[in-house]
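K.L.:
Got a structure here, written out as structure tokens. Questions coming.
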Amino acid sequence: MNIREVDHFLKILEKTIESLAGIILALATVITILQVLFRYILKIPFVWSEEFTRFLFIWIVWLGAALAIPAKKHMVIEFIRDRIPNPWPKIIKLFTNLLALFFLIIVIVKGVSLVNMMAKEYYVTFPISVKYAYLASVIGGLLMVIFLLVDFRNTLKRFFEKRRDFDH
């Protein structure tokens, strides 16, 4: 698989995650609105809606965090970054990406452990294992690792392209 094919696959992956997160958000919104209507107008509350909505929001957060990486929407202190002379901003970006990768590997490993630990635990009000909520951290972490590695590759590429320009 060449770089263009990888980049094309990543764009499709981004769009798929974005669509999935949008569907989950719409579902959480509809359930919340219906819960309010049924509880306060019809006096028939859904006992499962709060837990299920919380479950959906866990997935939205992890998918959204993954999408924020290629969109470059994670927190950056631009004020400092913009005042550091080249090549330091790129070096700092590479270093922070490595730190993030290290952190995400821990999240994934601990997440897998929690998924296994919670395999037989179920939500009180609906028949879904709690492990699926913890699975969001594993899948979201893996997606973030994928997007961070691509960002790392692109930053390294730009770093060495600029260095070659200075050498000639």
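K.L.:
Of A136, A100, A119, which residue is within 24 Å of the chain's Cα centre (by Cα) and not in a helix (DSSP H, G or I)?
P.N.:
Result: A119 is the single residue among A136, A100, A119 that is within 24 Å of the chain's Cα centre (by Cα) and not in a helix (DSSP H, G or I).
K.L.:
Separate question: Taking the condition of being of a type outside the set (V, I, T) and at pLDDT below 80, how many residues in the range 61-82 meet it? Don't jump to the end; show me each part of the working.
P.N.:
Of the range 61-82, the ones of a type outside the set (V, I, T) are 62-68, 70-75, 78-79, 81-82.
Those left that are additionally at pLDDT below 80: 74-75, 78-79, 81-82.
Here the count works out to 6.
K.L.:
Scanning for something part of a helix (DSSP H, G or I), within 11 Å of the chain's Cα centre (by Cα), surrounded by 17 or more Cβ atoms within 10 Å (Cβ to Cβ) and not aliphatic (A, V, I, L, M), does the range 12-20 turn up at least one residue? It would help to see each step written out before you state the result.
P.N.:
Our first condition is that a residue be part of a helix (DSSP H, G or I); within the range 12-20, this holds for 12-20.
If we keep only those that are within 11 Å of the chain's Cα centre (by Cα) too, we end up with 14, 17-18.
Subset that is surrounded by 17 or more Cβ atoms within 10 Å (Cβ to Cβ): 14, 17.
Subsequent filtering for residues that are not aliphatic (A, V, I, L, M) retains 14.
Within the range 12-20 (the criterion being part of a helix (DSSP H, G or I), within 11 Å of the chain's Cα centre (by Cα), surrounded by 17 or more Cβ atoms within 10 Å (Cβ to Cβ) and not aliphatic (A, V, I, L, M)), the answer is yes, since at least one residue qualifies.
K.L.:
Would you mind telling me which numbered condition in (1) touching a residue at least 40 places away in the same chain (Cβ under 8 Å); (2) in contact with a Ser or Thr (Cβ under 8 Å, 6 or more places away or on another chain); (3) under 15 Å from F147 (Cβ atoms) L104 fails?
P.N.:
Evaluating L104 over (1) touching a residue at least 40 places away in the same chain (Cβ under 8 Å); (2) in contact with a Ser or Thr (Cβ under 8 Å, 6 or more places away or on another chain); (3) under 15 Å from F147 (Cβ atoms) leaves (2) as the failure.
K.L.:
Continuing with this model, one more query. In the set S137, S113, which member is at pLDDT 85 or above, within 30 Å of V30 (Cβ to Cβ) and among the small types (G, A, S)?
P.N.:
After applying the criteria, what remains is S137.
K.L.:
Which members of the range 36-66 meet the condition of being farther than 17 Å from V130 by Cα and without any contact (Cβ under 8 Å) to a residue 60 or more places away in the chain?
P.N.:
Scanning the range 36-66 gives V36, L37, F38, R39, Y40, I41, L42, K43, I44, P45, F46, G64.
K.L.:
Moving on to the next point. Across the range 61-73, what is the number of residues that are assigned to a loop (DSSP other than H, G, I, E, B) and surrounded by 13 or more Cβ atoms within 10 Å (Cβ to Cβ)?
P.N.:
2
Quick grid of which residues meet (1) farther than 30 Å from I12 by Cβ; (2) hydroxyl-bearing (S, T, Y):
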site	(1), (2)
Y40	yes, yes
K43	yes, no
F46	yes, no
E51	yes, no
L56	no, no
V61	no, no
V115	no, no
T125	yes, yes
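K.L.:
Is at least one residue of the range 85-92 closer than 26 Å to A133 by Cα, in contact (Cβ under 8 Å) with a residue 12 or more places away in the chain and of a type in the set (V, I, T)?
P.N.:
no
K.L.:
Considering I58, I84, which residue is aliphatic (A, V, I, L, M) and assigned to a helix (DSSP H, G or I)?
P.N.:
On the way: I84 fails: assigned to a helix (DSSP H, G or I).
Among I58, I84, only I58 is aliphatic (A, V, I, L, M) and assigned to a helix (DSSP H, G or I).
K.L.:
Mind counting the residues in the range 74-100 that are surrounded by 14 or more Cβ atoms within 10 Å (Cβ to Cβ) and charged (D, E, K, R)?
P.N.:
Residues in the range 74-100 being surrounded by 14 or more Cβ atoms within 10 Å (Cβ to Cβ) and charged (D, E, K, R): 2 in total.
The values are calculated or read from the model by the stated rules, or taken from the named source; none is laboratory data. All of these numbers come straight from a predicted model, not from anything done at the bench. Positions of Cβ are backbone-derived with ideal geometry, glycine not excepted, and every protein chain shown enters the neighbour counts.
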